[in-house]
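So the structure is just underneath, and the comments pick up after that.
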Amino acid sequence: MNSQPPPSFAAADLLSALVEQGEITAEQAELARRRIRRAQSSPQQALLDLGFSSEEAIFRILAACHGLAFVDLGSEEIQAEARTAVSAKVAFNYKCVPLRLDKKILTAAFADPLPVRTREQLRVLLGVRLQPVLATPSAVRHALKQIYGIGADTVMQIRKDRGFQSRVDSVVFDGFQQQDLESEDAEIASIIHLVNQLLIEALELDATDIHIEPYQEVTKVRYRIDGMLRDIPTPPGLRELHSSIVSRMKIMASLNITEQRLPHDGRIRVHVGKEEFDLRISILPTRFGETLCLRILNRSAIFLEMAELGLNQQNLDILKKLVELPHGIILVTGPTGSGKTTTLYAALARVRYGERKIVTVEDPVEYQLDGTSQIQIRSDIGLTFARGLRSILRHDPDVILVGEIRDEETAEIAIRSALTGHLVFSTLHTNDSVGAVNRLVDMGVEPYLVAASLVASLAQRLVRRVCPHCKEPDRLLKPAIRQEIARANQVEESEVQAFCGVGCTECNNSGYRGRVAIFEMLLLDEEIKELVSNRASTVELRRAAQQHGMVSLREEGWQKVQKGMTSVEEVSRITGALQIKYQS
């Protein structure tokens with residue numbers, strides 16, 4: 001393959017090659033030519049804008065037209081020597097990903113074919129011969145973030161404006177510098193840009209939480225993606241900017257930027273295209289500075305129909321009947337971040353019609369529901385769940401949502417509300433559906449009141465979905481697990497199928513993309529109500545519920561494994577019991 005591009009290469013060459021390869025039609029090529037003339041854009045950008053072909057297909061053929069090799073950066077190993085040879089400033093300026101440095105020859109990936117003059121500039125600048133290869137622009141952007149960190153170019157510019165220099169090239173200025181004053185507005189704009197980069201990157205990765213944590217030498221940034229925390233590469237020098245980042249976040253959330261000794265809580269609203277996000281921000285003072293946690297709430301993702309929750313058909317039919325009951329308590333249990341609020345809102349959406357008045361008491365109010373009166377808890381002024389719940393009863397509601405039952409007083413008022421003709425929804429932090437019964441008793445509620453008011457307890461967890469782009473059969477199933485899956489799905493062991501993700505660019509090499517819920521529903525029939533009244537243990541209640549057909553979280557997880565939705569590893573991680581034995 002020639003290293004020099006053909007001198008006669010033009011847009012027509014790429015379009016003709018794509019037509020010959022069957023990637024686009026002749027009509028699409030003509031539309032692309034018109035767009036190139038009208039928008040003065042490159043042929044590859046015009047094709048991407050029109051969406052006629054995939055990015056990889058376009059750039060593979062573009063590389064061939066220019067006599068360059070095409071590389072998949074997701075599978076390329078980057079040498080440390082090559083990374084050191086190219087500074088972040090050069091890499092971001094030229095959109096250049098250094099790959100290998102061998103005998104003064106640098107192999108580097110670019111998002112566009114290099115003109116001869118640019119290649120010569122880089123050769124002089126880096127002091128090495130250049131061997132360019134081509135990669136897709138999205139892969140180059142992702143690789144630059146992984147190598148140099150998110151916002152590396154912005155951090156470098158801010159540190160330069162502030163006068164942060166390396167020890168080797170340190171320059172000391174005596175007295176006040178005029179350029180410092182002139183750069184003040186530019187620095188503020190750069191901090192804003194850096195914060196926006198961190199937020200946009202999290203939204204693009206579908207993160208649910210952002211953690212910005214200061215330590216003695218560094219500031220760490222971590223995103224929670226599909227329930228798992230991932231370290232995000234950050235550029236050197238971010239630690240010096242930590243206080244500015246915190247101040248910017250406080251300004252966005254309308255918090256007091258001068259108070260650094262007490263915890264803060266606030267909210268930021270973000271619009272990205274047609275989507276709207278709420279960022280719930282929490283700031284805590286630590287030894288090395290204030291640490292931030294931002295919870296990302298997608299306003300459109302929270303509103304799901306009950307059929308979209310992931311319930312199996314039997315549990316879905318039962319839940320539809322439960323929400324139509326005139327009175328009683330329905331509890332949703334699980335840890336923080338398990339999707340309890342989404343389930344409750346789907347249930348409320350089901351009962352929200354003209355003949356029923358709905359009032360909620362929440363901390364905080366997640367999202368606005370039309371036709372629903374929502375009360376925000378304010379503990380600082382005495383507006384607690386119990387006090388709000390008492391006031392609600394004077395407004396003659398039909399349906400009540402209590403954000404969380406946290407104490408005996410709230411539990412008793414919720415139960416008495418259910419006994420006096422109200423349908424009550426709430427959440428409780430327990431490990432499973434059966435544990436909710438004894439949790440209420442432990443709070444001080446009389447067992448006979450629990451038996452008389454509680455109609456159902458729904459436990460749920462979120463498990464990661466196997467990436468559909470890199471899914472393949474799991475050939476390492478242990479015999480015991482195969483038996484469990486067969487038993488849960490009522491199939492022969494030979495019919496058991498399980499899948500896992502090997503990792504690809506679509507899932508950021510994690511093997512998973514998105515999450516799905518698994519459920520466990522406890523229905524309190526007459527026999528279980530009697531056991532509750534007699535203070536039966538959790539083990540007895542669970543045994544009775546399973547005899548009546550309750551499917552456990554683990555069993556439903558195996559059902560979703562059989563359907564190819566999640567993996568054995570994920571179900572084991574979420575539902576596995578801790579087993580510790582003493583050494584003999």
_Any chance residue 114 is surrounded by 12 or more Cβ atoms within 10 Å (Cβ to Cβ), of a type in the set (A, V, I, L, M) and over 34 Å from the mean Cα position of the chain (by Cα)_ = yes
*Can you tell me which residue in region 446-472 is nearest to residue 508 (Cα to Cα), limited to those that are surrounded by 21 or more Cβ atoms within 10 Å (Cβ to Cβ) and β-branched (Val, Ile, Thr)?*
466
*Sort out which residues of region 525-552 are in a loop (DSSP other than H, G, I, E, B) and of a type in the set (A, V, I, L, M), and write them in order of number.*
536, 550, 551
*Of all residues in region 336-359, how many are within 27 Å of the chain's Cα centre (by Cα) and at negative phi?*
13
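Here's the yes/no breakdown for (1) modelled with pLDDT of 85 or more; (2) open to solvent by less than 60 Å² (accessible area, probe 1.4 Å):
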position: 332; (1), (2): yes, yes
position: 349; (1), (2): no, yes
position: 367; (1), (2): no, yes
position: 378; (1), (2): no, no
position: 393; (1), (2): no, no
position: 414; (1), (2): yes, yes
_Pick from region 313-330, criterion part of a loop (DSSP other than H, G, I, E, B) and either open to solvent by less than 10 Å² (accessible area, probe 1.4 Å) or touching a Gly at 6+ places or on another chain (Cβ under 6 Å) (or both), ranking: farthest from residue 207 (Cα to Cα)_ = 327
*Take the residues in region 220-255 that are hydroxyl-bearing (Ser, Thr, Tyr) and within 22 Å of residue 143 (Cβ to Cβ), then tell me which one is modelled with the highest pLDDT.*
223
*Filtered residues of region 322-346 (kept if closer than 22 Å to residue 462 by Cβ and out of contact with any helix residue (DSSP H, G or I) (no Cβ under 7 Å at 6 or more places or on another chain))*: 322, 335, 336, 337, 338, 339, 340, 341, 342, 343, 344, 345
*Tell me which of these residue 547 doesn't satisfy, since it passes every other one: (1) in contact (Cβ under 8 Å) with a residue 12 or more places away in the chain; (2) under 30 Å from residue 322 (Cα atoms).*
(1)
*Considering each of 570, 530, 526, 495 in turn, give the residue that is surrounded by 19 or more Cβ atoms within 10 Å (Cβ to Cβ) and charged (D, E, K, R).*
570
_Six or more apart or on different chains, Cβ atoms under 9 Å: show the pairs whose first residue is in region 499-525 and free of Cβ contacts under 8 Å to residues at least 60 places away in the same chain and whose second is of a type in the set (Ser, Thr, Tyr)._
503/510; 511/567
*How many residues does region 57-97 hold that are over 15 Å from residue 144 (Cβ atoms) and in contact with a Phe, Trp or Tyr (Cβ under 7 Å, 6 or more places away or on another chain)?*
6
*Which of the residues that make up region 191-244 are of a type in the set (Val, Ile, Thr) and either in contact with a His (Cβ under 9 Å, 6 or more places away or on another chain) or surrounded by fewer than 16 Cβ atoms within 10 Å (Cβ to Cβ) (or both)?*
192, 200, 212, 218, 219, 221
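The values are calculated or read from the model by the stated rules, or taken from the named source; none is laboratory data. Small disclaimer: the values here were computed from a predicted structure and weren't measured. Quick reminder, even Gly has a Cβ in these numbers, built from the backbone with ideal geometry, and neighbours come from all protein chains shown. The accessibility values were calculated without ligands, DNA or RNA, using every heavy atom of the protein model including side chains. Shrake-Rupley method; radii C 1.70, N 1.55, O 1.52, S 1.80 Å.
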